[in-house]
Structure formats: structure tokens, C-alpha cells
């Protein structure tokens with residue numbers, strides 16, 4: 001569709017407020033100016049119970065998987081048996097000429113996760129894409145928050161869009177502390193979102209993609225190394241580092257020493273357990289990524305430093321990943337002046353890769 005004749009999107013009104021919230025909406029926990037932290041939640045068995053590795057990821061042999069440094073690690077997640085659930089529909093939030101937006105829930109290994117589903121107008125089948133949002137304090141997060149522009153644009157372009165809230169957010173079940181701090185719970189939710197979306201009869205299961213922003217970029221990289229067969233393409237915006245320790249030191253250590261101490265009590269310090277922290281870093285397993293990846297990053301990003309993106313791209317290339325880093329000169333973390341250019345690149349990339 002010609003952008004010149006496109007109807008003003010539903011998210012346009014949000015741009016007035018976006019400069020005010022964008023720098024906090026995608027920050028890591030504890031980095032908001034008022035230093036609010038997520039409310040305490042009761043841990044559930046899927047989050048806190050150590051995962052044993054009795055089986056391999058479907059389609060792979062056990063000896064092809066990397067060793068498990070700890071039950072709370074990406075290699076342990078690689079061995080989990082992910083089972084697709086059906087999407088349960090709730091309230092219709094919006095109907096436009098291009099799509100219907102609904103509140104939904106799905107099952108993620110025994111945890112109910114809420115989200116927003118946008119179904120394009122027409123019979124389909126449509127290519128599907130799961131959106132993984134950046135950090136928003138769970139205490140104030142509302143369903144579907146964080147990627148409003150991407151939701152609207154991609155649905156208008158004919159993509160079935162499922163925006164996952166993650167556990168511990170909006171209408172989802174509570175998140176256990178370690179599942180939240182390690183992002184392993186969020187990774188489960190992103191993987192299960194893809195499996196649920198591709199079961200919809202109007203979605204083409206052979207044309208699936210994932211898009212993540214900021215913290216959601218890290219979640220997306222986690223999902224790609226855990227389930228190399230999950231999607232056919234991935235897009236990452238202004239991502240956190242592909243090193244778990246980079247993120248811990250940059251976001252958590254300066255602002256939430258209590259969370260760091262609790263993490264060290266569980267996993268040991270980085271000096272004591274370097275292999276455990278490597279097991280939480282997707283870059284350790286980049287050689288497992290089998291899908292093309294498009295990365296967008298501004299070189300003036302004040303939240304997720306630009307060198308993180310160049311290092312991630314360097315390591316992906318070294319591991320043989322089909323990846324491309326698009327650099328936006330002067331662009332900040334909020335991605336406002338050059339967002340239009342980036343989303344048009346994203347759609348071209350997805351159409352080329354998904355067919």
C-alpha cells in the first residue's frame with residue numbers, strides 16, 4: 001500500500017506523549033527515574049522448579065544440544081517440551097477496515113499469559129508475527145502496551161499480530177522472581193505465543209516471524225537459540241545486550257542491589273559461576289540460530305548503548321547467522337524520527353523472508 005494514501009494510523013495520537021514515556025517504557029527494572037520496582041509476586045512451579053532435561057527439543061538429538069550449566073539456563077530451556085495451546089478470545093477492543101484487535105490469553109507451560117491479537121480483514125491465511133515488548137514496570141503495565149506503532153502497521157500490511165504481555169503483566173498469571181530476573185519465563189511465553197498463533201486456522205504456520213524491542217530484543221534472541229525451528233525470520237529493535245552480564249551490570253546493579261544479592265544467592269556470583277551466566281546469554285549459542293535476523297539500532301541510543309548492537313552483530317556474523325544491522329545516525333532509544341524508515345525496511349525484510 002502506498003504510504004502517501006494510507007489512513008492515519010491509530011497510534012498517531014500516541015506520538016505526542018511518546019517522547020515523555022519512551023525512555024522509561026523500555027528501561028530495565030529499577031532504572032525509572034522514581035526507582036519503582038515490580039510488585040512482589042508469588043512464584044509458581046513453572047517458574048521456580050528446576051527443569052530436568054529428559055528430552056531434546058523436537059527434531060534434534062540430545063547430543064546435539066549444549067551442556068546444561070544450571071537448571072535455570074537457556075540449554076535447560078532447549079530441552080523443554082513446548083506444547084502449543086489454543087488462543088482464548090476475550091473482549092474486542094477495536095475494529096477498523098484493516099483489522100480486528102482483541103484481548104486474548106494463551107497457555108505457556110501451565111501459566112496463563114494475556115496479550116493482544118490483531119487479525120487482518122479477509123480470509124487469510126496470513127503470515128504471523130509475535131511481538132515481544134520492552135521493559136515496562138509490571139505495576140503500571142496494561143495489556144498490549146509497548147509496541148502500538150508496530151501492531152498497527154504490521155496488521156495493516158496483512159500480518160496476524162500477537163503481542164504477548166508476558167507472565168506477571170496485565171491479565172497474566174504472576175511471574176516467579178527468577179523467571180523474571182533471568183528472562184527465562186518471558187522467553188517461554190514468547191515461544192508459546194508463536195506456537196499458539198500458528199494454530200489459528202487463518203494463520204499460515206509456515207510463515208511465522210518474531211519482533212522484539214529493547215528487553216524484548218533479548219527475549220527474541222533467547223527464543224531463537226532455544227528453538228531454531230520456531231520462526232522463519234526475526235527483527236530486533238534497540239535491543240539490550242546479548243550478554244546477560246552486560247544487562248545485569250548496566251541496569252540492575254546500579255539501581256537494585258537487593259535483586260542482585262538475591263540472584264547471587266541463587267546462582268552464585270559471576271566470578272563463582274561464570275558458566276551459569278554464560279548459560280543465560282544468547283550470544284553463547286548464536287551458532288544455533290537458523291533464521292535471518294534484522295537488527296535496528298540508533299547510534300545515539302541512551303538506554304541500550306550502540307556498541308552492544310555492533311558486538312551482537314559481530315558475534316552473529318562470526319557464528320554464521322544471516323544477520324544485518326541497520327544503523328540510524330543520531331537516533332535515540334525511542335526511535336521516533338526514523339521509525340517510519342525502519343518499519344518499511346522491516347516489512348520488506350519480512351515479505352522477502354516469509355514469501
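When only alpha carbons of segment 246-295 are considered, Rg and Dmax amount to 13.7, 38 Å.
Length available on full extension from residue 271 to residue 100: 0.36 nm per residue minus the Cα-Cα distance, which gives 56.5 nm. Distances longer than 14 Å among the Cα atoms of segment 146-214: what percent of all pairs is that? Value for segment 146-214 (Cα pairs over 14 Å): 64 percent. Note on residue 261 and residue 88: their simple-model spin labels are 3.9 nm apart, each label 7 Å out from Cα toward Cβ. In a fully extended conformation the segment linking residue 71 and residue 319 would gain 86.8 nm over its present Cα-Cα distance, using 0.36 nm per residue. Per-peptide packing, taken as the mean over residues of other Cβ atoms within 10 Å, places 333-341, 219-227, 269-277 in the sequence 219-227, 333-341, 269-277 from highest down. Across q = 0.12, 0.14, 0.21, 0.22 Å⁻¹, segment 79-195 modelled as identical point scatterers on its alpha-carbon atoms has Debye log10 I(q)/I(0) values of -0.40, -0.54, -1.16, -1.25, in the order of the q list. As a ratio to 2.2 N^0.38 Å, the alpha-carbon radius of gyration computed for segment 213-262 takes the value 1.34.
All Cα-Cα distances of segment 196-239, cut into 5 Å bins from zero to the largest, leave 6, 23, 27, 22, 16, 6, 1 percent in each bin in turn. Tell me, what is the FRET efficiency for residue 341 and residue 142 to the nearest 0.05, using R0 = 30 angstrom and their Cβ-Cβ distance as r? It comes out at approximately 0.55. Taking a ≥ b ≥ c as the square roots of the eigenvalues of the Cα gyration tensor, segment 79-145 is oblate, since a/c reaches 1.5 or more and a/b is not larger than b/c. Spin-label model, residue 327 to residue 299: label points 7 Å out along the Cα-to-beta-carbon direction sit 0.4 nm apart.
Out of every Cα-Cα pair that segment 303-344 contains, those further apart than 12 angstrom amount to 64 percent. Each listed q (0.16, 0.22 Å⁻¹) maps to a log10 I(q)/I(0) for segment 259-355 from the Debye sum over equal C-alpha point scatterers, namely -0.84, -1.11. Please state the shape class of segment 107-159: rounded when a/c is under 1.5, otherwise prolate if a/b exceeds b/c and oblate if not, all from the C-alpha gyration tensor. Oblate is the answer for segment 107-159, as a/c is 1.5 or above yet b/c matches or exceeds a/b. Just so you know, the Rg over Rh for segment 168-299 is 0.99, from Cα atoms, with Rh as the Kirkwood radius.
Values quoted throughout were computed directly from the atomic coordinates according to the rules given, and no laboratory measurement underlies them. These numbers were taken from a predicted model, which means no experiment stands behind them. In this analysis, Cβ positions are derived from the backbone assuming ideal geometry, glycine residues included, and neighbour counts consider all displayed protein chains.
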